[in-house]
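Here is the structure we will look at.
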Amino acid sequence: MTEPSAEAPLVRTPKQARSARTLARLEEAALALIREEGVEGVSIQGIVKRAGSSVGSFYARFAGKDDLLVHLRAQVTERGRAQWRQEVEEIRAADLDLESLLERVCAAVTGVFHGMGREAVLLRSGPSAEEEAGLVEEITGTLTSLLVERSSEVVAEDTGRAIRFSVRSILAVGRDLGRSSDETLEQLVPELARSQVRYLAGSAIPSPSESPQGSAPDPFDIWG
């Protein structure tokens, strides 16, 4: 497989709506065929036939199949970014309290990386480290902003430090869980959310004065 040209754009940007629709059909057709036949089983002729386009239309946009694959891999990050932005828009519109916010953002972050992971497996290669770093930076900034807006509900003495730690924790675990199965996600994403609620909001941990006996139980007291 030859390397894409470094001197020309991987995809020639469409200037008209009709051309943009043709590009979208080529992308969708390529992804559909890759799901069915794998990367090696897909040909340019098969793509244009599925897209209802022509070989000439394909080469008007891509130098070859390799350039198309690189473009699709780059689009993995763009789809992840679009998904995250949509999630943030819905979260802001909901005006959630801190606990509900943490539940939503944990699910959202994990969902973004899970979707990207599935496409990366399909395309046999994920986004470049630089592309993913750009997305992580955007998520970090937006997530920090969302939590700062609810900083009055954070119980830690050093609110800023607690928020920074929480953001890094959500991202680290969310990216790791993103490579997991749907079943594992269903089980562990709520645990990630609960851990962050306990850490930032403290609502899941009763204080000693709230204990029925007026003090926290000692796990090492065999007579208690």
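The values are calculated or read from the model by the stated rules, or taken from the named source; none is laboratory data. In this text the structure is predicted, and so the values were computed from the model without any measurement. All Cβ positions, even for glycine, are placed from backbone atoms using ideal geometry, and neighbour counts span all protein chains on display. Surface areas here come from the heavy atoms of the whole protein model, side chains and all, with no ligands, DNA or RNA. Shrake-Rupley method; radii C 1.70, N 1.55, O 1.52, S 1.80 Å.
Rounded, prolate or oblate: pick one for segment 36-75, where a ≥ b ≥ c are the square roots of the eigenvalues of its C-alpha gyration tensor, a/c under 1.5 means rounded, and failing that, prolate if a/b is larger than b/c, else oblate.
It comes out oblate by the Cα gyration axes.
With each label point set 7 Å from Cα along the Cα-Cβ vector, what nm distance links ALA94 and ALA156?
Computed distance between label sites ALA94 and ALA156 equals 2.3 nm.
Give the relative contact order (percent, whole number) for segment 133-196; include only Cα pairs under 8 Å separated by 6+ residues. Write out the running numbers ahead of the final one.
Values: 23 pairs, mean separation 18.3, N = 64.
Reported relative contact order: 29 percent.
Short version: ³J(HN,Hα) in whole Hz for each residue of segment 42-53, in order, from phi by Karplus 6.51 cos²θ - 1.76 cosθ + 1.60 (θ = phi - 60°), x for Gly and Pro, what are they?
Rounded to whole hertz, the list is 9, 10, 4, 4, x, 5, 5, 5, 5, 7, x, 10.
Once the piece of chain linking ALA74 and THR144 is laid out straight, how much longer is it, given 0.36 nm per residue of separation minus the C-alpha distance between them?
Roughly 22.6 nm would be gained on extension.
In whole Hz, with x marking every Gly and Pro, tabulate ³J(HN,Hα) for segment 64-75 from phi via Karplus 6.51 cos²θ - 1.76 cosθ + 1.60, θ = phi - 60°.
x, 5, 4, 5, 4, 5, 5, 4, 5, 5, 5, 5
Report the accessible area of VAL70, computed with a 1.4 Å probe over the heavy atoms of all protein chains in place, in Å² rounded to the nearest 10.
50 Å²
Convert each backbone phi in segment 118-125 into a coupling constant with the Karplus relation 6.51 cos²θ - 1.76 cosθ + 1.60 (shift: θ = phi - 60°), then list the ³J(HN,Hα) values in order as whole Hz, x for Gly and Pro.
5, 5, 5, 5, 4, 8, 6, 6
For ALA129 and SER43, calculate 0.36 nm times their separation in residues minus their Cα-Cα distance, and state this gained length in nm to one decimal.
28.2 nm
Translational diffusion coefficient, Stokes-Einstein: compute it for segment 139-189 using the Kirkwood radius over C-alpha pairs as Rh, at 25 °C and 0.890 mPa s, and state it as an integer in µm² s⁻¹.
Estimated via Stokes-Einstein, D reaches 204 µm²/s.
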